[in-house]
Amino acid sequence: MVEEYGGVVQFAGLIVQSGINAFLAAEQALQEIPLTRSWGKTTVTLEPVGVAGLITAWNANALFICLKLASAVGAGCTVVIKPSELSAIQTQVLIEALHEADLPKGLLNVVMGRGNIVGAELVRNPDVAKISFTGSVAVGATIMRDGAKTMKRVTLELGGKSPTILLDDAVLDKAIPSALVMAFMNSGQACAAGTRLLVPKSRLDQIKRAIVEAMAGFPVGNPADPKTAVGPMVSQKQYEQVQSYIRKGIEEGAELLVGGEGHPEGFEVGYFVKPTVFVNVKNDMAIAQEEIFGPVLSVIAYDSEEEAIRIANDSKYGLHAAVLGTDLARARRVASQIRAGRVVINNMMDDPQAPWGGFKYSGIGREYGRFGIEAFLETRAILE
């Protein structure tokens with residue numbers, strides 16, 4: 001991941017471990033799923049859906065393959081994987097490991113190529129019963145449309161514009177670094193990145209100072225260095241997109257607190273961008289509504305808890321969210337009102353058995369553990 005797209009090693013290590021955990025979680029979940037249920041003269045069985053097409057994204061390609069493969073194989077499906085064309089090295093290393101594990105021939109198949117050619121064929125092909133896709137909303141919509149012609153079952157894990165609600169009782173020297181970790185994970189190139197930070201207006205000046213002070217802990221640098229928090233963008237196209245959003249934020253009237261256009265000092269070569277934080281952002285601005293996929297954080301002030309929840313939900317996305325505060329009962333109450341597939345409290349965390357997926361434009365269906373396996377199963381009832 002470091003070599004292929006400049007993923008920072010501290011993030012890459014977590015992703016590799018998550019890939020391992022996906023297999024362990026699927027193994028555990030499979031023991032807990034009742035594949036046969038009976039009552040009276042009725043028997044219900046859960047059956048493999050059939051051949052599954054797995055289409056993955058570059059930013060954590062190894063994890064996406066592990067996650068989808070573990071669920072599909074756990075359900076009894078054979079798979080055809082179309083990994084991102086930007087992730088050939090990740091794919092090769094992982095497939096070599098799977099080959100060493102002596103998987104039965106034909107269980108796992110890989111076809112490299114562009115999404116609009118190879119991916120499109122998987123979606124059209126009547127012999128493929130299920131598509132599990134991680135990527136953009138636009139491609140997800142195309143998969144739904146084209147897959148409908150052969151009644152494809154689909155799981156779609158799409159984009160996000162995740163809110164982090166900082167409550168007025170939060171301890172800033174803990175909450176602000178936590179919020180920045182979630183905003184800048186994978187250099188901001190993560191669908192779950194918490195790129196909207198909602199803060200109480202009464203504490204805005206304190207929060208601005210805390211952000212400026214905490215930014216020293218998020219250095220740009222060589223992604224292979226464990227101290228580096230923000231590496232380069234994946235491509236020139238992505239670099240230019242992030243730059244265009246930074247300009248747009250300035251044009252929209254947001255206040256630039258840190259960062260800005262251009263390369264960080266000392267990193268003029270390559271696709272490095274300055275970790276950027278805007279304050280006094282309105283939630284209807286493009287930088288608050290659109291997925292930038294870079295280290296750009298929008299700080300939005302609110303007057304009340306109710307307004308914070310309303311702003312958090314005022315997005316077409318609903319993949320991930322966070323609540324930061326010391327009163328855990330209150331934080332849980334707020335979390336329960338956010339329209340997102342997963343909400344964390346106080347820190348970015350994972351549970352390989354917990355469902356992963358989104359509301360609204362963030363996708364359809366869930367992955368991980370039991371939920372992921374069930375997405376590759378069909379139900380049959382036999383009545384005597």
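No value in this document is a laboratory result; all are computed from the given coordinates. Treat the numbers as computed from the prediction; the structure is a model and nothing was measured. Because the Cβ atoms are built from the backbone with ideal geometry, glycine has one as well, and the counts that use them run over all protein chains shown.
Points worth noting:
- Test item: Cα-centred dipole of the stretch 163-345, Lys/Arg +1 and Asp/Glu -1 on Cβ, debye: 460 debye
- Principal-axis tilt of helix 61-75 within the chain, Cα atoms, nearest 10 degrees: 30 degrees
- Phi to ³J(HN,Hα) by Karplus 6.51 cos²θ - 1.76 cosθ + 1.60 over the stretch 275-288, Hz, x for Gly, Pro: x, 10, 10, 9, 10, 6, 8, 9, 5, 8, 5, 4, 5, 9
- Cross-link partners of Lys360 among aspartates and glutamates (Cα-Cα below 13 Å; sequence separation of 8 or more within a chain): Glu157, Asp314
- Seen from Gly194, the other residues with C-beta closer than 13 Å to its C-beta sum to a net charge of +2, counting Lys and Arg as +1 and Asp and Glu as -1.
- Residue-averaged 222 nm ellipticity for the chain, from DSSP H runs of 4+ at -39500 (n - 2.57), nearest 500: -11000 deg cm²/dmol
- Cβ-defined net charge surrounding Thr36, 13 Å radius [Lys, Arg +1; Asp, Glu -1]: +1
- The alpha-carbon atoms of the chain define a convex hull whose volume equals 147 cubic angstrom per residue.
- In the structure shown, the pairs Lys68/Lys227; Lys208/Lys237; Lys82/Lys227; Lys227/Lys274; Lys237/Lys316 are assessed against 27 Å; a Cα-Cα span above that value is assigned to Lys68/Lys227; Lys208/Lys237; Lys82/Lys227.
- Counted over the stretch 163-345, the DSSP beta bridges are approximately 15% antiparallel.
- Working from label points 7 Å from Cα in the Cα-to-Cβ sense, the Glu307 to Arg380 distance is 5.8 nm.
- Folded to 0 to 90 degrees: helix 137-147 orientation relative to the chain principal axis, Cα: 20 degrees
- Here the extension length gained between Asn347 and Glu251 equals 31.3 nm, from 0.36 nm per residue of separation less the Cα-Cα distance.
- Taking the average, over residues, of other Cβ atoms within 10 Å as the packing measure, peptides 151-161, 109-119, 307-317, 59-69 rank 59-69, 151-161, 307-317, 109-119 from highest down.
- The chain, dipole about Cα centre (Lys/Arg Cβ +1, Asp/Glu Cβ -1), debye to the nearest 20: 980 debye
- At an R0 of 56 angstrom, the distance between the Cβ atoms of Met144 and Glu265 translates into a FRET efficiency of 0.80.
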